[in-house]
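Each remark here refers to the structure printed beneath this line.
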Amino acid sequence: MNPLLQKLQPYPFEKLRALFQGIEPRAGLKPISFGIGEPKHPTPPLVRDAVVNALGGLSSYPATIGSEPLRQAIATWVKTRYHLPAVDAATEVLPVSGSREALFALAQTVIDSRSTDPAEPPIVLCPNPFYQIYEGAALLAGAEPYFVNSDPARNFACDYSAVPDAIWARTQLLYVCSPGNPTGAVLTLDDWRELFALSDKHGFVIASDECYSEIYFDEASPPLGGLEAAHTLGRGFERLVMLSSLSKRSNVPGMRSGFVAGDASILKKFLLYRTYHGAALSTVFQTASIAAWQDETHVRDNRAKYLQKFTTVTPMLAEVLDVRLPDAAFYLWANVGRTGLTDTAFAARLYADYNVTVLPGSFLARTAHGTNPGEGFVRIALVADVDECVEGARRIVEFCRQLAQP
Ligand SMILES: Cc1ncc(COP(=O)(O)O)c(C=O)c1O
């Protein structure tokens, strides 16, 4: 067996199952889950109908490169959304079967694990806390993840200036997540300027995970994207790719449809890798994806639902926890320090007493540089409908008030 598999950690939800094992939630309360970050709004009829109308596509193998109309639809979306002068549908975009597998596959394409010194394998830089795929992708590509902690005092930005030169010298790939899971933080133009300068100096590839880019709260200011930042700073897309997805934008996590866009020379090699990898997006879903990328009405409706939930629930929870509206995405990243409980004790007792599930922040981060930056936080995914979110928030408030009683 591949010995690298032994380096993989259990997924956060497995850790949660282990934490809750043997706990019997109080009877009579309907379970409410803020634990799993899976979109729950209904799939828009526009996409469902497009899937049904495209079923004829089942009779053919899909091309890995994707259909020309889909690549064109994606290129047009990227160009419009990020105010770019041009995006080449033939060389600068590639449809993928959801951004998760592409985040993983990208490391297999980019990393050169032939090291002159086996004690010093290549490095993949990851934010901390982070989406666990980055770590597994790094390890299975023969690289070593290096975690850069996010700083709550600076809107959860990572302090890249603290990374030693010896680490940069070995870095081949850097993942960023903007809007971030779990913090919702969006990288600023200054953040991007710093990252581009570091990439120019040390030669690593930047993979920008932007799958939450369409869930935001102010219609007038959508989150800045990596390609947009590059263009604004007068650059091309060299050593930069972004990944996006319909899962959250269009409530189709089951369709597994996303794309990678950016540096044509990376995408050329990525396509070669994928031809063998065999993860082409089904022709049926390629056709339905065109309909989804070409429509913004359902995306605005989706945002309005999240806005209603966030503006109702955030002030309720802010009474008892340190929490505020994030820049974007569908999570509240709440500091539970005020309650005197650790994040795991908070989650376990809330589940036992109120049948509400939240995810302990320490499960989403690693101990690095002497601390686990997820500790003391819980991730609250506001994915259920508004009534359920409000009821869950009401129970959390009651739970915290009870804890505060002498
Ligand atoms: C940060 C982040 N990136 C990527 C993904 C993968 O999304 P998908 O594969 O559905 O595009 C997720 C899913 O939850 C995520 O949270």
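The values are calculated or read from the model by the stated rules, or taken from the named source; none is laboratory data. As the structure is a computational prediction, the values presented were derived from the model and not from experiment. Positions of Cβ are backbone-derived with ideal geometry, glycine not excepted, and every protein chain shown enters the neighbour counts.
Summary table below
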{"quantity": "Filter result (touching an Asp or Glu at 6+ places or on another chain (Cβ under 9 Å), in a strand (DSSP E or B) and farther than 14 Å from residue 335 by Cβ) within the range 360-406", "calculated": "381"}
{"quantity": "Residue list for the range 173-202, restricted to those being within 16 Å of residue 159 (Cβ to Cβ) and more than 13 Å from the ligand (Cβ to nearest atom)", "calculated": "174, 187, 188, 190, 191, 192, 193, 194, 195, 197, 198"}
{"quantity": "Failed item in (1) over 19 Å from residue 95 (Cβ atoms); (2) away from the ligand (no atom under 16 Å from the Cβ); (3) touching a Leu at 6+ places or on another chain (Cβ under 9 Å), with residue 20 passing the rest", "calculated": "(3)"}
{"quantity": "Meets criteria (within 24 Å of the chain's Cα centre (by Cα), part of a helix (DSSP H, G or I) and surrounded by fewer than 17 Cβ atoms within 10 Å (Cβ to Cβ)) for residue 71", "calculated": "no"}
{"quantity": "Hits in the range 281-294 (condition: over 21 Å from the mean Cα position of the chain (by Cα), surrounded by 16 or more Cβ atoms within 10 Å (Cβ to Cβ) and not β-branched (Val, Ile, Thr))", "calculated": "282, 285, 286, 288, 291"}
{"quantity": "Selected residue [within 16 Å of the ligand (Cβ to nearest atom) and either modelled with pLDDT under 95 or not assigned by TED's automatic domain parsing to the domain that holds residue 181 (or both)] from 74, 36, 32", "calculated": "36"}
{"quantity": "Residue in the range 209-250 that is surrounded by the fewest Cβ atoms within 10 Å (Cβ to Cβ), counting only those that are touching a residue at least 12 places away in the same chain (Cβ under 8 Å), among the acidic types (Asp, Glu) and away from the ligand (no atom under 16 Å from the Cβ)", "calculated": "219"}
{"quantity": "Among the candidates 213, 150, residue that is more than 18 Å from residue 248 (Cβ to Cβ) and polar (S, T, N, Q)", "calculated": "150"}
{"quantity": "Residue within the range 51-58 that is part of a loop (DSSP other than H, G, I, E, B) and not basic (Lys, Arg) present", "calculated": "yes"}
{"quantity": "Filter result for residue 258 (on the phi < 0 side of the Ramachandran plot and either more than 14 Å from the ligand (Cβ to nearest atom) or under 14 Å from the mean Cα position of the chain (by Cα) (or both))", "calculated": "yes"}
{"quantity": "Of the criteria (1) of a type in the set (Val, Ile, Thr); (2) in contact (Cβ under 8 Å) with a residue 12 or more places away in the chain; (3) farther than 20 Å from residue 37 by Cβ, which one residue 367 fails", "calculated": "(2)"}
{"quantity": "Filter result (away from the ligand (no atom under 15 Å from the Cβ), assigned to a helix (DSSP H, G or I) and surrounded by 23 or more Cβ atoms within 10 Å (Cβ to Cβ)) within the range 79-127", "calculated": "110"}
{"quantity": "Test result for residue 166, over 30 Å from residue 303 (Cα atoms), out of contact with any Cys (no Cβ under 9 Å at 6 or more places or on another chain) and either among the acidic types (Asp, Glu) or not in a loop (DSSP other than H, G, I, E, B) (or both)", "calculated": "yes"}
{"quantity": "Meets criteria (within 21 Å of residue 286 (Cβ to Cβ) and crowded, with 16+ Cβ neighbours inside 10 Å) for residue 62", "calculated": "yes"}
{"quantity": "Scan of the range 350-406 for residues that are surrounded by fewer than 22 Cβ atoms within 10 Å (Cβ to Cβ), basic (Lys, Arg) and closer than 18 Å to residue 12 by Cα, ordered by number", "calculated": "366"}
{"quantity": "Tally, over the range 41-65, of residues that are of a type outside the set (A, V, I, L, M, F, W, C) and within 23 Å of the chain's Cα centre (by Cα)", "calculated": "4"}
